[in-house]
Ligand code: SF4
Ligand code: SF4
């Protein structure tokens, strides 16, 4: 009998190492993210973009400090209650859910992602999460 798919909490447990807040080209922020974060830190949205965002192609990403970490990283996320969508759903982003190779690549930078699962079971588990609401949204 085939193994049951695993849930999001079976597949991932954050180790709070902060590695995902460092490098990798920055974190994309949508207009909604920008408005929520700007309100949280009491900054005008346009001024927020000037001070805390950079462009990556045609999209805004959060700027990085000289340390290489996200500008909002300070041993922990300073905007945790309103952190961007990408940070909230990590590691269940579309690209890792549709391709287990991407899951395994991302897992080399994120110790919270399990890699000790056979491909077939990992694939069926990620597919189920993709088609469900089990994404910590
Ligand atoms: S790299 Fe993974 S385990 Fe580490 S803080 Fe980020 S999400 Fe958590
Ligand atoms: S917003 Fe917070 S969780 Fe997201 S990259 Fe920056 S410090 Fe990390």
Least to most buried among 70, 109, 20 (fewest other Cβ within 10 Å first): 109, 20, 70
For segment 65-128, Rg(Cα) over 2.2 N^0.38 Å is 1.31
Taking only the alpha carbons of segment 7-53, the radius of gyration and the largest Cα-Cα distance, Dmax, both in angstrom, are 14.4, 41
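Okay, helix-only estimate at 222 nm for the chain: each DSSP H run of n ≥ 4 adds -39500 (n - 2.57), divide by all residues, round to 500 deg cm²/dmol; what do you get? Show your work: numbers first, answer last.
Numbers: 7 runs with 52 residues, N = 137.
When only DSSP H runs of four or more count, the value is -10000 deg cm²/dmol.
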Identify the residues of segment 79-114 with backbone N under 14 Å of a label point that sits 7 angstrom from the Cα of residue 39 along the Cα-to-Cβ direction, or state none. 81-83
Quickly work out the residue 47-to-residue 109 label distance, labels modelled 7 Å from Cα along the C-beta direction, and quote it in nm with one decimal. 3.2
When the label point is put 7 Å from the Cα of residue 128 along its Cα-to-beta-carbon vector, which residues of segment 89-122 have a backbone N closer than 13 Å? 121-122
Just from the alpha-carbon atoms, what are the Rg and Dmax of segment 8-130 in angstroms? 15.5, 48
FRET E, pair residue 116, residue 80, Förster distance 30 Å, beta-carbon r, rounded to 0.05: 0.55
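Rank the residues 61, 82 as a footprinting-exposure proxy: fewest other Cβ atoms within 10 Å of their Cβ go first.
On the way: 61 20, 82 17.
By the 10 Å Cβ count, ascending: 82, 61.
Where a number appears in this text, it was derived from the coordinates with a stated rule and is not lab data. Quick caveat, the model's predicted, so the values are computed rather than measured. Quick reminder, even Gly has a Cβ in these numbers, built from the backbone with ideal geometry, and neighbours come from all protein chains shown.
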